[in-house]
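*Asks:* This structure is in C-alpha cells; I'll ask about it shortly.
The values are calculated or read from the model by the stated rules, or taken from the named source; none is laboratory data. All of these numbers come straight from a predicted model, not from anything done at the bench. Backbone-built Cβ (ideal geometry, glycine too); neighbour counts: all protein chains shown. These accessible areas exclude ligands, DNA and RNA; they are computed on the full protein's heavy atoms, side chains included. Shrake-Rupley method; radii C 1.70, N 1.55, O 1.52, S 1.80 Å.
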Amino acid sequence: MVDVNNVYQKVLAISNKEQRGYISPQEFNLLADKAQLDIVNSYFHDMKTAYHKPTKNQTEASDEVEMISEKLGYIRSQQTGDLTGATEPQTVTVPVITLNADCYKVGTVTITVPNNLAVEATEVGRKELTQMLSHPLTEPTTSRPVYVVQDAPNAGQLQLEIHTFGSNTANQLGINCTFTIDYFARPTVAWNYVVVSGKALYNSTASTNFALHPAEEEALVMRILELAGIMLQKQDLLQAAMVDTNNTIQKQNN
C-alpha cells in the first residue's frame, strides 16, 4: 500500500513551491483516483507487451511479468459460488453470475464439477458463442466451459453468462458445479480530514490508502502533479512533473 497522506504532502510541497497553486483535498482525491487507475491500466498493457517480447528476451520478459504480477497482487480478489444446471432440456437455464461491485477486470474463471475436476473457462463473444452452440461438436461442456461478459442491471457492474453445456447435450444437464472467479478489484483512494481552527487536518481513520505497491509512490506524485498542472493551467508545474518523470524513466533504462 502507498500512504495517501505521504503522497498528498509531497504534492502540496511541490505544487506550492514558487506559488504554483494550492490543490484542495477534494481536487486531490479526484486527481489521485485517476492517477491510480492510470497506473493500474498501464499494468495490463505492460503485461501484454511482456508476454509478446521476442524469444531472445525471454528471461527479461519473465522477470517483467513476475514484477507486474506482484504489483497487480495488491488489487487481486476472488468470488466463489454455486452453478446449478437445469434438470430437463425443456427448462434449460444459463447460469448468470453478477460480479462483486468492486470488480474492475476479470482475471480467470474456473468451473469445478462434482468429481473435483477444475477447468478454466474461456471468454468468448456473443457471436462466437452462437456459432459454438450451432454444432454438437463445438458446443460448451463441463470440460470445455465458456463465458460471456455482459452489463449487469446495476450500473457499473458486470455479469458473466456461464455455459457448461450445449442446448442439445441432455446427458450433462442437472450437474451442479461451483465457480471461482479471480478478478482485479477497482482501487479506491481518499484523503479525508477534519476541520480544526479553519484548517483541514488529516484524518487517518476515515482515509483510504492507495492500493498500489510501495514502489509506485513517486510515480503517483508525478502523475498527480501532471494532472494538477493541466487542471490549474500551470504549464511550469506540468513541465516540472514531466521532466522528473522522464529523468526517472531514463535512470531505470540505463
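*Asks:* Out of the residues in the range 73-102 that are in contact with a Leu (Cβ under 6 Å, 6 or more places away or on another chain) and closer than 16 Å to Phe179 by Cβ, state the one that is modelled with the highest pLDDT.
*Replies:* Leu99
*Asks:* Is one or more of the residues making up the range 63-71 closer than 30 Å to Leu133 by Cβ, within 14 Å of the chain's Cα centre (by Cα), modelled with pLDDT of 90 or more and open to solvent by 20 Å² or more (accessible area, probe 1.4 Å)?
*Replies:* There is no residue in the range 63-71 that is closer than 30 Å to Leu133 by Cβ, within 14 Å of the chain's Cα centre (by Cα), modelled with pLDDT of 90 or more and open to solvent by 20 Å² or more (accessible area, probe 1.4 Å).
*Asks:* Scanning the range 109-150 for residues that are over 22 Å from Thr80 (Cβ atoms) and modelled with pLDDT under 90, which turns out surrounded by the most Cβ atoms within 10 Å (Cβ to Cβ)?
*Replies:* Going through the qualifying residues, I end up with Glu139.
*Asks:* Right, something else. Could you look through the range 190-212, keep only residues that are in contact with a Leu (Cβ under 9 Å, 6 or more places away or on another chain) and buried (at least 18 other Cβ atoms within 10 Å of the Cβ), and pick out the one that is nearest to Lys71 (Cα to Cα)?
*Replies:* Once the filter is applied, the top-ranked residue is Leu212.
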